[in-house]
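The values are calculated or read from the model by the stated rules, or taken from the named source; none is laboratory data. As the structure is a computational prediction, the values presented were derived from the model and not from experiment. Don't worry about glycine lacking a Cβ; one is built from the backbone with ideal geometry, like all the others, and counts go over all protein chains shown.
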Amino acid sequence: MELTIEQQLSAISHEAIRAKSKNEIQQLANELLQKMTLTEKIGQLFQLAPPEANVEGLKWEHSESNASAQLISAGKVGSILSVVDSSTIFKLQKLAVENSRLGIPLFFAADMIHGCRTGFPINLAMACSFDPELIEKSCQQIAYEIAHTGLNLTFSPMVDLVRDPRWGRVMESNGEDPYLNSQLAAAYVRGYQQGDFSANYSVAACCKHFAAYGAIEGGREYNTVDMSERELRQHYLPGYKACADAGVASFMTSFNIYDGVPATANKFLLRDILRNEWQYQGFAISDYTSSYEMLDHKTAKDEEDVALQCILAGLDHEMVSTSYLNHLENLVNAGKVSLDLINEAVLRMLQFKFQIGLFDNPYKHIYANPEQYMRNSETLELAHQVALESVVLLKNSHDLLPLSKQGKKIALIGPFANSNQVVGAWGSLAKDAECVSLLTGISSLVGADALLCTAGCAINDQDRSGFAEALELAKQADVVILAFGEDQNMSGEAKSRAYLNIPGVQNELALAIKALNKPMVSIIFSGRPLELGWYAEHSDALLQAWFLGNESGNALASLLFGDANPSAKLAMSFPYTVGQIPVYYNQYKTGRPSPTGDYSLFRSCFIDVPNYPLFPFGFGLSYSNFEYKNLKISEKTLVAAQQLIVSVELCNTGVVAGTEVVQLYIECANFSVVRPLRELKAFRRVFLEKNSCKIVEFTLTQQDLAYYNIDMKFTPENRNYVIYVGGSSQATLNANFSYSGEG
Ligand code: NOJ
């Protein structure tokens, strides 16, 4: 009698797989390659998104009517995209292993970018923690969930440097700074892969989107990128390079062009930089149909030309588009593509499969009841901790926060007051229904008695009928908390915005409530920096909550009532208004700087808005009070390979213990090309009890001062530098030194 699927899943072994050496893997892959026909080889270069993906009752049997099953059985599929149901994964894998001639297993990939079943804060929020260790730990837990879902690879981390909050995908990023981005990029990769992605608890990662997708013009999705090579190398590439150095399993190309050529067929990016300069050994996959989009870019004349350009450029795996499947064979037979080129790509795919242990056990990540491995207490605790470290306190006049747990009537008003729609875009398997709303979080911390709550209005419509009740509740309260923002579906892929306002009639409601003159706390939920000028001026306290995932309400309640102390710092500057964009802290120096950043005739500035943002990169307050003093540097001149020790005394003069993110910036006082006003070179989270001080030390080397100079050489040159240390990119405490390459 044939076993049921359930019984077959229960019978799968999850014994540990022995990690293999590089040599062993190469040998195994080579041996297998010898046995493959050209058609089978090309099959390994294709990622299929079955039309039935995630649909109940997938027809997985080999049948005339199922094109996907036929392709898999014919050995024409290398991997599967976005199937996240373990029994479907099992069925598809069985097809590949049992029906195809060589039984080469598929690998399964999906986007699990800020959590899997447990919803972690969106990535831009996590970046505000400036806490690579916590992100690494979180990714270990996320990997555990992904691995128990049946998947082998996650399309994360996204390390596109971003400077334009109109782009909906800033929520997936680590923000505007290359150094922070690189530190966090590596942390993601270490966390997911844990040095061994053959293990049962780890997954392979994919670094995306290569390259410079974050620089699309006007923040308009899928738009053009045009930048100098120096800018690319200096600011945009370090995040991707950090992934490569951390051993990331794969790279995904981006939708945009670079220097006129779509990234998916960009030889300069894929061969010259990724393969030749970085000696990267993993595989490169296109983004969803990005290869076919060359037809719309009008850089390929037909599908065959798409295939030709992509394989020549060094693309190994094609996502969804079928130019390889349909045309590579002809191209080889016509002598336009060498077999060596095909073999090179196929070997990378086979090596990856050997590396993750799929030939040892193709079902290694498939479990009978995956749900039992999800949302365990350790993972939820981490999601809570990350949420605490993601919320940025932007204003706190007269120490309104933390609120007292007793004796005050609180009116909680706004569309996010009692909403659990806070998973954030790309929520993978996390569910809104499992997110703790602000109302629930506050009620469970301080009880519901002192709480009055109403939405007052929806996020994005014109209905003012709830205003009267909201105003009535606000009148009765001692403190008003506004929970406002943009819908979680207004950021993410294909969610560019031209206006960065809080949508609908929320601002009107805020105005009406403000007129009551009550102490007012504003909490902003969003996937991007919004225009918060009014809220910064008129709220007594302002918190940027982003989308925090499952633990949202609990974490916010802890912060509001002082069980936890905010420590996050902005990973992306907040503009006053859209017209300032791009506004980022590490802008280049100009020939006519405005002395104050405000209007000044014949200076680089606007007549109606300052040059600086409303809130700069690195900024974030705490309930503690941090003071910096005694900045010291070990040498007046840093000579070649020596080190410069920078120390500063940090004191917590406040009334509660807290954590400060100490940041070190450099300014190069003169150089052969223009450099940014400031560049972040180090940071550290430092915990201090109240009334205590600590000496914080950083070590700088010539590498930290280096920059692509006029000859495109990465060098500090023999120049003068200034160091700034403090709690934001506008730190004022500084010291001078010079660098000398001779010594
Ligand atoms: C398109 C997105 O740009 C990319 O980030 C994602 O990984 C793929 N689709 C697959 O879902």
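Go through (1) closer than 30 Å to residue 615 by Cα; (2) in a helix (DSSP H, G or I); (3) in contact with a Gly (Cβ under 6 Å, 6 or more places away or on another chain) and name the single condition residue 161 misses.
Among (1) closer than 30 Å to residue 615 by Cα; (2) in a helix (DSSP H, G or I); (3) in contact with a Gly (Cβ under 6 Å, 6 or more places away or on another chain), residue 161 violates only (2).
With the structure loaded, tell me whether residue 388 is in contact with a strand residue (DSSP E or B) (Cβ under 8 Å, 6 or more places away or on another chain) and modelled with pLDDT of 95 or more or whether it fails that test.
For residue 388, the condition - in contact with a strand residue (DSSP E or B) (Cβ under 8 Å, 6 or more places away or on another chain) and modelled with pLDDT of 95 or more - is not met.
Taking the conditions exactly as written (over 30 Å from residue 112 (Cβ atoms), at pLDDT 95 or above and not charged (D, E, K, R)), does residue 455 satisfy them or not? Steps first, answer last, please.
On the way: over 30 Å from residue 112 (Cβ atoms): yes; at pLDDT 95 or above: yes; not charged (D, E, K, R): yes.
It is true that residue 455 is over 30 Å from residue 112 (Cβ atoms), at pLDDT 95 or above and not charged (D, E, K, R).
For segment 319-336, state whether one or more residues are within 16 Å of the ligand (Cβ to nearest atom), out of contact with any helix residue (DSSP H, G or I) (no Cβ under 6 Å at 6 or more places or on another chain) and either assigned to a helix (DSSP H, G or I) or within 26 Å of residue 25 (Cα to Cα) (or both).
Yes, that holds for at least one residue.
Quick one: is residue 267 crowded, with 19+ Cβ neighbours inside 10 Å, under 22 Å from residue 345 (Cβ atoms) and among the basic types (Lys, Arg)?
Here the answer is no, as residue 267 does not meet what is asked.
So which of 254, 202, 286 ends up being more than 16 Å from the ligand (Cβ to nearest atom) and among the hydroxyl-bearing types (Ser, Thr, Tyr)?
202
Could you run through segment 413-424 and say how many residues are under 26 Å from residue 83 (Cα atoms) and either hydroxyl-bearing (Ser, Thr, Tyr) or crowded, with 23+ Cβ neighbours inside 10 Å (or both)?
Result for segment 413-424: 3.
State all residues of segment 266-318 that are assigned to a helix (DSSP H, G or I) and under 18 Å from residue 238 (Cα atoms); if no residue qualifies, say none.
If the condition is that a residue be assigned to a helix (DSSP H, G or I) and under 18 Å from residue 238 (Cα atoms), then 268, 269, 270, 271, 272, 273, 274, 275, 276, 277 are the ones that fit.
Name the single residue that is surrounded by the fewest Cβ atoms within 10 Å (Cβ to Cβ) among those in segment 490-519 being among the aliphatic types (A, V, I, L, M), touching a residue at least 40 places away in the same chain (Cβ under 8 Å) and closer than 19 Å to residue 467 by Cα.
516
If we keep just the residues of segment 128-158 that are outside any loop (DSSP other than H, G, I, E, B) and farther than 20 Å from residue 186 by Cβ, which is nearest to the ligand (Cβ to nearest atom)? It would help to see each step written out before you state the result.
Our first condition is that a residue be outside any loop (DSSP other than H, G, I, E, B); within segment 128-158, this holds for 132-149, 153-154, 158.
Right, trim to farther than 20 Å from residue 186 by Cβ and you get 145, 147-149.
Numbers: 145: 18, 147: 18, 148: 20, 149: 15 Å.
So, considering only residues that are outside any loop (DSSP other than H, G, I, E, B) and farther than 20 Å from residue 186 by Cβ, the one nearest to the ligand (Cβ to nearest atom) is 149.
With the requirement that a residue be within 14 Å of the ligand (Cβ to nearest atom) and either surrounded by fewer than 24 Cβ atoms within 10 Å (Cβ to Cβ) or not in a loop (DSSP other than H, G, I, E, B) (or both), what does segment 166-187 give you?
Passing the criteria: 168, 169, 170, 171, 172.
Find the residue count for segment 695-721, including only residues that are within 13 Å of residue 671 (Cα to Cα), part of a strand (DSSP E or B) and within 32 Å of the chain's Cα centre (by Cα).
Looking only at segment 695-721, we keep the residues that are within 13 Å of residue 671 (Cα to Cα), and these are 705-721.
Pick out the ones that are also part of a strand (DSSP E or B) and you get 707-708, 714-715, 720-721.
Now restrict to residues that are within 32 Å of the chain's Cα centre (by Cα): 707-708, 714-715, 721.
Adding up the residues that qualify gives 5.
List the number of the failed condition for residue 230; all other conditions in (1) of a type in the set (Lys, Arg); (2) more than 13 Å from the ligand (Cβ to nearest atom); (3) crowded, with 20+ Cβ neighbours inside 10 Å hold.
Of the numbered conditions (1) of a type in the set (Lys, Arg); (2) more than 13 Å from the ligand (Cβ to nearest atom); (3) crowded, with 20+ Cβ neighbours inside 10 Å, the odd one out for residue 230 is (3).
Answer yes if at least one residue in segment 90-107 is at pLDDT 95 or above, among the β-branched types (Val, Ile, Thr), surrounded by 19 or more Cβ atoms within 10 Å (Cβ to Cβ) and over 14 Å from residue 359 (Cα atoms), and no otherwise.
There is no residue in segment 90-107 that is at pLDDT 95 or above, among the β-branched types (Val, Ile, Thr), surrounded by 19 or more Cβ atoms within 10 Å (Cβ to Cβ) and over 14 Å from residue 359 (Cα atoms).
Please specify each residue of segment 63-86 satisfying the condition of being buried (at least 18 other Cβ atoms within 10 Å of the Cβ) and assigned to a helix (DSSP H, G or I).
Answer for segment 63-86, where residues must be buried (at least 18 other Cβ atoms within 10 Å of the Cβ) and assigned to a helix (DSSP H, G or I): 68, 69, 71, 72, 73, 86.
Could you tell me how many of the residues in segment 214-246 are part of a helix (DSSP H, G or I), on the phi < 0 side of the Ramachandran plot and not aromatic (Phe, Trp, Tyr)? It would help to see each step written out before you state the result.
Initially, segment 214-246 is screened for residues part of a helix (DSSP H, G or I), giving 214-215, 217-219, 229-245.
With on the phi < 0 side of the Ramachandran plot added as a condition, the list becomes 214-215, 217, 229-245.
Filter again for not aromatic (Phe, Trp, Tyr), leaving 214-215, 217, 229-235, 237-239, 241-245.
Going through segment 214-246 one residue at a time, the tally reaches 18.
When you check residue 588 against the structure, is it free of Cβ contacts under 8 Å to residues at least 60 places away in the same chain, surrounded by fewer than 24 Cβ atoms within 10 Å (Cβ to Cβ) and hydroxyl-bearing (Ser, Thr, Tyr), yes or no?
No: the conditions fail for residue 588.
Go through 32, 45 for me and flag whichever is modelled with pLDDT of 95 or more, crowded, with 18+ Cβ neighbours inside 10 Å and farther than 28 Å from residue 290 by Cα.
On inspection, the qualifying residue turns out to be 32.
Among the candidates 558, 522, 573, 539, single out the residue that is out of contact with any strand residue (DSSP E or B) (no Cβ under 6 Å at 6 or more places or on another chain), among the small types (Gly, Ala, Ser) and buried (at least 24 other Cβ atoms within 10 Å of the Cβ).
Of 558, 522, 573, 539, the one residue that is out of contact with any strand residue (DSSP E or B) (no Cβ under 6 Å at 6 or more places or on another chain), among the small types (Gly, Ala, Ser) and buried (at least 24 other Cβ atoms within 10 Å of the Cβ) is 573.
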